[in-house]
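> What follows is a structure written as structure tokens; I'll ask about it next.
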Amino acid sequence: MSAENPEYDFKWCPGCGDFGVRRALESAIQQRHAATGIAIENNVVVAGIGCSGNMVHLLEGDQPFGIHGVHGRTLPIAMGVKMTNPDLNVVVVAGDGDFLSIGLEHIGPQAGRNLNVCAVVMDNGVYGLTKGQSSPTSETGMITSSTPYGKVEEKTHPLSLYLTLGVSYIASAMSSKVKALATTIVEAMEHPGFSIVHVQSPCTTYNDTYELLKGSVKKGIEPQAWAIPDDHDSSDMRAATELLSRGGIPLGLLYKDTTRPDFQSRIDSMTKMSGSKSTEDFLDLLAI
Ligand SMILES: Cc1ncc(C[n+]2csc(CCOP(=O)(O)OP(=O)(O)O)c2C)c(N)n1
Ligand code: SF4
Ligand SMILES: [Mg+2]
């Protein structure tokens, strides 16, 4: 359980975007409980390593189950949890470093499987916990503790990446818009397949992007974030690709494919087809 652990004394910095994500996740879990009557303990939060992953220790109110695992390995752990108990609602919480750097190799396989888990990715464009090194989503040229002369690499565009890899539900959100984020997380949890809610969650200590995202009339800064229009057809991959080509950070539901079976349904069909009745039967088939 993720009940408060007195030996784990971690606090987010004032203004950290992860506070908003936490409130949204708590609300989404409560909303699911209120709508379905399913116990809070039916939810399992699988956390990455980072300021963002510490969410699993900081959730307030009724406690879901929680696993604070290994850096970059949220998706394999989530798969293990979901496959051993398909009735659980499994939610991954991870940072841009955890999910898109060391953990990048796991996104494609889970997209291919359409594993029925929901990933909430907190993107602050930096490695916050380890004191501000550049991450895949740091801007090219950004000066950080690991890039004193500026980041050399091109930045990763996570939404395009998810779309290309075949993730079946992709939404983009802002940590400061808590109510909208909670609604999105509820929808993503309900989606029968692999869903990613990619959240702009600024790091006030090492990469404070609030002003860039929201813009400032006074300073003549155009907002990077913009709302996906209501008439966007989220079932249309071409329309999603076209939206992304406009640049900036689109906010809202980018893509949703409800036509693909999820991993468990594929496994169930295969089990039926193979004539195996149980895991024991299957293991017997392999016995020499
Ligand atoms: C295998 C391994 N490599 C490196 C680290 C060190 N490490 C801990 S957190 C982290 C990056 C965190 O960045 P991010 O996922 O963006 O989370 P944030 O702190 O920004 O929320 C790194 C490199 C580790 N704990 N384990
Ligand atoms: S270092 Fe950044 S990401 Fe980590 S708690 Fe502080 S503000 Fe949040
Ligand atoms: Mg980060």
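The values are calculated or read from the model by the stated rules, or taken from the named source; none is laboratory data. Quick caveat: nothing in here was measured; it's all calculated off a predicted structure. Quick reminder, even Gly has a Cβ in these numbers, built from the backbone with ideal geometry, and neighbours come from all protein chains shown. Keep in mind that these areas ignore ligands, DNA and RNA; they rest on the heavy atoms of the full protein, side chains included. Shrake-Rupley method; radii C 1.70, N 1.55, O 1.52, S 1.80 Å.
> What does the accessible area of Ile77 come to, in Å² to the nearest 10, when a probe of 1.4 Å is used?
40 Å²
> So who's got an amide H within less than 5 Å of the one on Thr147, skipping anything under 5 residues away but keeping other chains? H placed 1.01 Å off N, in plane.
Those lying under 5 Å, H to H, from Thr147 are Ser134.
> Here's something else I'd like to know. In nm, to one decimal, how far is the modelled label at Glu105 from the one at Gln30, with both set 7 Å along Cα→Cβ?
It is 4.1 nm.
> What per residue convex hull volume, in Å³, comes out for the range 223-264 when only alpha-carbon positions are used?
Value for the range 223-264: 86 Å³ per residue.
> How many percent of the accessible area of the range 18-257 is carbon or sulfur, using a 1.4 Å probe?
55 percent
> Just to check I understand the Karplus step: with θ = phi - 60° and J = 6.51 cos²θ - 1.76 cosθ + 1.60, what whole-Hz values come out for the range 21-28, glycine and proline as x?
My calculation for the range 21-28 gives 5, 4, 4, 5, 5, 4, 5, 4 Hz in order.
> In nm, what is the difference between 0.36 nm times the number of residues separating Thr258 and Arg246 and their Cα-Cα distance?
Here the segment from Thr258 to Arg246 would lengthen by 1.8 nm.
> Sequence-distant or interchain residues sharing an amide H contact under 5 Å with Val120, placed H: which?
HN-HN under 5 Å from Val120: Val92, Val93, Ala94, Val197.
> Under the rule a/c < 1.5 gives rounded, and otherwise a/b versus b/c splits prolate from oblate, where does the range 18-111 land using the Cα gyration tensor?
oblate
> Okay, moving on. Label Cys13 and Asp208 with points 7 Å out from Cα along Cα→Cβ: what is the distance between them in nm?
0.9 nm
> Further question on the same structure: In the range 242-273, whose amide N lies under 19 Å from the spot 7 Å out along Cα-to-Cβ of Ile38? List them in ranges.
Under 19 Å, as judged by backbone N against the label point of Ile38, lie 257-268 of the range 242-273.
> Let me ask another. Relative contact order, percent, of the range 18-257 when contacts are C-alpha pairs under 8 Å separated by at least 6 residues?
For the range 18-257, the relative contact order is 18 percent.
> Now a separate question. From the cross-link list Lys11/Lys218; Lys11/Lys179; Lys82/Lys272; Lys82/Lys155, which pairs have alpha carbons spaced over 29 Å apart?
Over 29 Å apart, Cα to Cα: Lys11/Lys218; Lys82/Lys155.
> Exactly which chymotrypsin sites (Phe, Trp or Tyr not before Pro) in the range 1-72 are in a DSSP loop and have at most 15 other Cβ atoms within 10 Å?
When the chymotrypsin sites (Phe, Trp or Tyr not before Pro) of the range 1-72 are filtered for loop state and at most 15 Cβ neighbours within 10 Å, Tyr8, Phe10 remain.
> While we're here: How charged is the neighbourhood of Ser138? Take every other residue with its Cβ under 11 Å from the Cβ of Ser138, and add Lys/Arg as +1 and Asp/Glu as -1.
Summing Lys and Arg as +1 and Asp and Glu as -1 gives -3.
> Leaving ligands, DNA and RNA out of it, rank Asp233, Asp87 by accessible area with a 1.4 Å probe, largest first.
Greatest to least solvent exposure: Asp87, Asp233.
> Right, another one. In Å², and per residue, what accessible area does the chain have when probed at 1.4 Å with the other protein chains present?
Normalised by residue count, the accessible surface of the chain is 50 Å².
> Could you please tell me the mean projected area of the C-alpha convex hull for the chain, averaged over all directions and given in square nanometres to one decimal?
Convex hull of Cα atoms, orientation-averaged projection: 18.2 nm².
> If amide hydrogens are placed 1.01 Å from N in the peptide plane, which non-local residues have theirs closer than 5 Å to the one on Gly128?
Cys51
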